[in-house]
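What follows is a short report on a single structure.
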Amino acid sequence: MRILNFMFLVISYWMMCTTGMAAEAPTPTPVIPPGYLNCTGAIYAHCGDIITGDTGGLENNAENYSCNALTENGPEQVFILNLTYQSRISCTILDGTFLNIYLLKACNENTCIIWNTDSFTSEVLEPALYYIVLDSWISESYQIQIECDYDEPQPTATPVKTPDIQGPMASACSMDNHENYIEEGRQSVGITAWIDDTLNGNSIIASAEYFIDVPGACGSGELLHAADGVFDSQSEWISGAINTSTWVPENSPYHIYIHGIDVNNSWGDFCAFDIEVKPSSTGIPLSVPVNNPVLKLFLIIIMTGFLIFQSFHIAQYNCKQSKIFKNFGILCFK
Ligand SMILES: [Ca+2]
Ligand SMILES: [Ca+2]
Ligand SMILES: [Ca+2]
C-alpha cells in the first residue's frame, strides 16, 4: 500500500510539472479604471505660464486620485500642457491655501503621476499631452506657475519686418474751441487733430496738412505743425490756423479736411469737419473796417454821432418828465 501511495505522488508531481500547473503565473497588465475627470473646460497651459483663476463655479467630477487617499469633493480646474520636448514638469501653487495639485498622464484621475499640496517636480517626461489638475474639498481662487526644465527651442529664422505702407489715422478734427461756427469777419481760427500711426505700421509722423472744401492731391495742402513743436513720435496732436477773413455766411459751411503722413511717405485717410459762418452779432462785418482805415474812421464817426444823438434824445425825454432834470439846464433844450 505504501508503495502505491508513493507512486501516486510521483506520477502527480510529474503531471503537474509537464502540464505547467506549478509554473509561476504571468503578471497581469494593470487595467486603469475609467475616471470621472471632465477636461472639456480645460485651460491650455504652456511652460513658463503663471495662471490666475478661481475654482468657484466649476464642476466636481473627480474626487479620488490614484496617487493619494484624499477625497477631493470640491470643484477642480484642469490644465492641458503639450510637452513638445523631453523635460521635467514643475508646478507650484502660488496662491490657494487648500488646493492640491496633480499631474496626470491622461484626462483620468486614475493616471496620477505625482501630486503635492504646494508644488512638485516630475521625473523627466516624454513629449506628450499632460493634465495638471487643481482640486480640493472647497472652491478657492488660485495662482499657479508651470515650469519646464529646458527652454523650448526657439525658431531661428529672423522675422522679416513687414514694410509700413499704411498711412496714419486722423481723428478728433475740430476747431480749437470745439465749436462749429464763427462770426463773419473773424480773421482766423485754430484747428486741431490727432494723427496716429500706432496701429498702422507704428512709424513716426512726418507731417500733416489741411484742405478747405475739397481734398486735393496729397502733399498739396496747407501745412499743419506738431502741437508740441516737433514731429518725433508715432502719434501727434497737430494744430494750425486757417485764414477766415474772407469767409461769408453765404458760402458756409466750409468743409475742413485734415490728414497726416508718416516717415515712410504714406499719407493716411482724412478726417473732416464743418465750420459755419454766422452773420456778425454787431451787424457789421468786422473784416471791412479792420482792413480799410478810411472806412474804419468813417464808421467810428458814424457810431460816435449815433451815440451822442441817443444821449441827447434820452436827456430831452427826461427833461420833459422831471423838474429835477430841468434844473440841470445844460442838458435840457427849450
Ligand atoms: Ca474634485
Ligand atoms: Ca504707417
Ligand atoms: Ca511730438
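We did not get these values from a lab; they are worked out from the coordinates using the rules stated. All values reported here derive from a predicted model rather than from experimental measurement. Quick reminder, even Gly has a Cβ in these numbers, built from the backbone with ideal geometry, and neighbours come from all protein chains shown.
Considering only the other residues whose Cβ falls under 12 Å of the Cβ of Ser281, what net charge follows from Lys and Arg at +1 and Asp and Glu at -1? Residues close to Ser281 contribute a combined charge of 0.
Treating only the Cα positions of segment 169-278 as identical point scatterers, give the base-10 log of I(q)/I(0) from the Debye formula at each q in 0.15, 0.22 Å⁻¹. Cα-only, vacuum Debye calculation for segment 169-278: -0.59, -1.12.
Remark: segment 169-278 carries a charge dipole of roughly 80 debye about the Cα centre, counting +1 on each Lys and Arg Cβ and -1 on each Asp and Glu Cβ. Across the options Ser139, Leu99, Ala128, the greatest Cα extent toward the positive end of the charge dipole of segment 88-140 (unit charges at beta carbon of Lys, Arg, Asp, Glu) belongs to Ala128.
With the Cα gyration tensor of segment 72-120 giving a ≥ b ≥ c as the square roots of its eigenvalues, does the rule (a/c under 1.5 for rounded; else a/b larger than b/c for prolate; else oblate) give rounded, prolate or oblate? Oblate. In this calculation the C-beta distance from Trp137 to Gln86 is compared with R0 = 30 Å, giving a FRET efficiency of 0.30.
The distance between label points at Leu307 and Glu147 comes to 8.5 nm (points 7 Å beyond Cα on the Cα→Cβ vector).
Once the Cβ-Cβ distance of Asn264 and Ala128 is raised to the sixth power relative to R0 = 51 Å, the FRET efficiency obtained is 0.65.
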